[in-house]
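None of the figures in this text is laboratory data; all of them are computed from the coordinates on show. It should be emphasised that the depicted structure is a prediction, and the values quoted were computed from it without experimental measurement. Backbone-built Cβ (ideal geometry, glycine too); neighbour counts: all protein chains shown.
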Amino acid sequence: MYKCDICGSTDTYVKLYKHAYPVKGVPIEVEIECRFCSKCNFQINDDELDNQTILKVFNEYNDKYGIKPKKIINLRKSYSFSQELFAKIIGCKRTQLISYENGYSIPDDKTFIILNMLLNDSSMINNLVLANKNYLSDEEFKIIKEKIGKEPNNIILQAFFDNEEDISDYNGYTEFNINKLEEIISNLTNSAISKMKLFKELFYSDFVKLQKYCCRYNWFRIC
């Protein structure tokens, strides 16, 4: 039974009501069903109708400015990730992700950017996995390896999984190879060269490799 907070009447009715609701500073106008008091015409809370209103308002917002819940669900399923694992990778709580997927809330700015990034380039999941390594358990990392770590386009993750103990962003996610270093030094020192100049040449050769091979993964926008 519904009761009016103003006059105390329990005689109510439902009618269509057009109203603009602010979402992230943007007014979203929708026509929805609302309950009113028959005596004083005051709007009365109705949990079922209120939930319908929230869904409709957020749906209108997502159509124009946001990301539709179905897109978020399909994105997560494209990696075969559970809600809990995907939430960890994109940096939000599982309850938040569930709310996004059900359309009951709008992703915050950080999550919105991450989701859009993944929708535009699915391989960016590699970067997120590596960035959130410390927040993932060994079991979760094993699942990620099984799901996406060995796919042909995930070269960065392949190198990471093959050398988990030794690699980092300081060595380009590959093991140190003394033979390659000796070969490079040999090619750079056909004539006498100072130690400082050799160090500079090694730095530039490393930078050229970074520019040539890493830009395609969108790690660095240097080319």
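Observations on the structure shown:
- Surface/4 of the Cα convex hull for the stretch 69-152, nm²: 5.1 nm²
- Extension gain, LEU49 back to ILE193 (0.36 nm per residue minus Cα-Cα distance, nm): 43.9 nm
- When each of LYS77/LYS145; LYS68/LYS145; LYS15/LYS56 is checked by Cα-Cα distance, pairs over 22 Å: LYS68/LYS145
- Packing, taken as the mean count of other beta carbons within 10 Å per residue, orders the peptides 23-30, 55-62 from highest to lowest as 55-62, 23-30.
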